[in-house]
Amino acid sequence: MIKKIILYPGSFCPPTIGHSDLVERAALHYDKVIWAIGVNPVKNYLFTVEERLDMMQHIVDDARKDGLDNIIIESFEGAAIRYAESIGAEFILRGLRNTSDLQFELEMATANRGMCKNIETVCMFAKPHFATLSSSLVRDITFLGEKIDQYVHPYVAKKLQEKVKKTWMI
Ligand code: ADP
């Protein structure tokens, strides 16, 4: 039987509950969800790839306790569409929060279709509660010394606090 594999690529620096909500909803409809960090060597990130994978793994471990055992964590370099091809994923998952996301995702999906015709981009709308949530907002709020518990998994909140402390000590 051919398995329906969907790749969810992004930076996830850090992963928010908006991201994990999308992953978990996709896991209900696809055989396998590959939740993967796209590594861009020229971009500066707050968390290393290893740190982000560790946070994502904690989220996935909790999802498994809730019966979702088809989410896999990965990282890759280069174009997401090429990575999708290499792992046999026929779908790429992206999230839409607003019209800016829509514009960006439309351009990206069109470019990806030009590179590979067999892979469909699937966009899922953010739940209204998460529609204004982004990794950059979470980072900014943390560095202002405010609580971010309602936006991220408890383990991610802990890692953010540690990162702030470390940054201020330098
Ligand atoms: P990027 O891929 O642009 O570096 P992210 O890693 O933050 O950005 O996001 C990956 C994908 O998840 C994108 O499609 C983005 O639109 C989507 N996304 C980001 N935050 C949310 C959210 N709160 N709810 C739903 N989707 C989101």
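A few remarks follow.
- Note on the chain: with a GNM built from Cα contacts shorter than 10 Å, the maximum mean-square fluctuation among Thr16, Thr110, Thr99 falls on Thr99.
- Scaled against 2.2 N^0.38 Å for its residue count N, the alpha carbon radius of gyration of region 1-105 is 1.04.
- The alpha-carbon of Lys163 sits under 27 angstrom from the alpha-carbons of these lysines, leaving out residues fewer than 8 places away in its chain: Lys43, Lys147.
- Lys/Arg +1, Asp/Glu -1 at C-beta; the chain dipole; positive extreme among Ile2, Leu96, Tyr30: Leu96
- Among Glu51, Glu146, Glu24: highest mean-square fluctuation, GNM of the chain, C-alpha pairs under 10 Å: Glu146
- Inter-label distance, nm, simple model (7 Å from Cα along the C-beta direction), Asp54/Thr132: 3.3
- Using a Förster distance of 25 Å, the FRET efficiency for Glu146-Lys43 (Cβ separation, nearest 0.05): 0.45
- For the chain, averaging the sequence separation of C-alpha pairs within contact (under 8 Å, six or more residues apart) and dividing by the residue count gives a relative contact order of 28 percent.
- Within the shell of other residues whose beta carbon sits under 14 angstrom from the beta carbon of Thr121, the net charge comes to -3, with Lys and Arg scored +1 and Asp and Glu -1.
- The average projected area of region 92-150, computed from the convex hull of its Cα atoms over all directions, is 4.9 nm².
- Using a simple spin-label model with pseudo-atoms 7 Å out from Cα toward Cβ, Val122 and Glu74 lie 1.6 nm apart.
- Geometric extent, Cα atoms of region 28-170 - Rg, Dmax (angstrom): 16.5, 50
- Charge dipole (Cα centre; +1 on Lys/Arg Cβ, -1 on Asp/Glu Cβ; no other charges) of region 57-170 amounts to roughly 360 debye.
- Modelled label positions at Asn98 and Met115, each set 7 Å beyond Cα in the direction of Cβ, lie 2.7 nm from each other.
- GNM top mover of Gly18, Gly38, Gly114 - the chain, alpha-carbon springs below 10 Å: Gly114
Laboratory data are not the source of any read-out in this text; all were calculated from the coordinates shown. Bear in mind the structure is a predicted one, so any value in this text is a computation, not a measurement. When we count neighbours, we look across all protein chains shown, and the Cβ atoms used for this are built from the backbone with ideal geometry, even at glycine.
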